[in-house]
């Protein structure tokens, strides 16, 4: 699975959009980009994933650059409850087997 | 539809005792994964199981740790003769069989093991 690079930490004002970047320059053609988050002391929570098109769901939007070497997770209106560590993961799906390798992630602090 | 369930949520063991951690996957999910998170660190993959089969145990320590996912009942992560370094949060995740939405992995709330 390709390696990812994320900033260690970020702050965001409550109500503003939080844009979390991720670099995955070694991504290969059939690897997906996944985002998870872990709120303090809880289990990780799946947020969104994509291959090459931008994706949106009720939680967030995922913007993947045309060359697929980087992506941005967007939380459109950050709330205090979005304070968490956000993990960007790139992996190749293999049937139902999906061992997920977590890096250190980005610690997002939403400020009132 | 209940999520992934883990019990106990907190477990205290003295050095040398055994720890048993249980994980019930989401209904319809046949794949179970165990991860360990040491304090202030990210999650590390330990083992991947399907019903009655260990598929990938590349992240499991060679000694004292074992996992199973029987035909009936929850998946069990067993740690024998615990040491202080085993103190961590242990998370279980499950995913459905191959097919639509099989890429999503759902995590339980974790079991926090403290070895005294």
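Read-outs throughout are calculated quantities, based only on the coordinates presented, and are distinct from any laboratory measurement. Given the structure is predicted, the values throughout are model-derived calculations rather than measurements. Note: ideal-geometry Cβ built from the backbone for every residue, glycine included; neighbour counts use all protein chains shown.
Let me check against my output: what whole-number percent is the relative contact order of chain A, with C-alpha pairs under 8 Å and at least 6 apart?
Values: 271 pairs, mean separation 41.3, N = 112.
Once divided by the residue count of chain A, the mean separation gives 37 percent.
From the C-alpha gyration tensor of segment A:1-65, pull out the three semi-axes of the equivalent ellipsoid (sqrt of 5λ each), sorted largest to smallest, in whole Å.
21, 14, 13
Give the separation of the Cα centroids, segment B:5-64 to segment A:36-112, in Å.
Result: 23 Å between the Cα centres.
Any idea what the alpha-carbon Rg over 2.2 N^0.38 Å comes to for the protein assembly as shown? All intermediate terms of the calculation are to be shown ahead of the outcome.
Values: Rg = 17.8 Å, N = 228, 2.2 N^0.38 = 17.3 Å.
So the Cα radius of gyration is 1.03 times the expected 2.2 N^0.38 Å.
Of the beta bridges DSSP finds with both residues in chain A, what % are antiparallel, to the nearest 5?
Roughly 85 percent of the beta bridges in chain A run antiparallel, per DSSP.
Over segment B:35-91, what per residue volume does the convex hull of the Cα atoms give, in whole Å³?
Per residue, the Cα convex hull of segment B:35-91 comes to 81 Å³.
Looking at segment A:1-63 only, what percent of DSSP beta bridges run antiparallel? Nearest 5 please.
So the antiparallel bridges in segment A:1-63 amount to around 100 percent.
Report the Stokes-Einstein translational diffusion coefficient (µm² s⁻¹, integer) for chain B, Rh taken as the Kirkwood radius over Cα pairs, at 4 °C with viscosity 1.567 mPa s.
91 µm²/s
With an 8 Å cut-off on Cα pairs and a minimum separation of 6 or more residues, tell me the relative contact order of segment B:1-96 in percent.
Contact order relative to length: 36 percent.
Bin width 10 Å, alpha-carbon pairs only: give the P(r) of chain A as whole percents, running from 0 to the bin holding the largest distance.
P(r) over chain A, rounded to whole percents: 15, 49, 30, 5, 0.
Treat each spin label as a single point 7 Å out from the Cα along the C-beta direction, and report the residue B:116 to residue B:104 distance in nm.
Placing both labels 7 Å beyond Cα along the Cβ direction yields 4.1 nm.
For residue B:38 and residue B:72 in one chain, what is 0.36 nm times their gap in residues minus the Cα-Cα distance, to one decimal in nm?
9.2 nm is the gain from fully extending residue B:38 to residue B:72.
Taking a virtual spin label 7 Å from the Cα of residue A:109 along the C-beta vector, which residues in segment A:1-36 bring their backbone nitrogen under 15 Å of it?
Counting only backbone N, you get A:8-14.
What three numbers, in Å, describe the spread of the alpha carbons of segment B:1-59 along their principal axes, ordered from the longest?
Reported extents, whole Å, longest axis first: 36, 27, 24.
Calculate the all-directions average of the projected area of segment A:43-85's alpha-carbon convex hull, and give it in nm².
On the way: hull surface 14.1 nm².
Its average projected convex-hull area is 3.5 nm².
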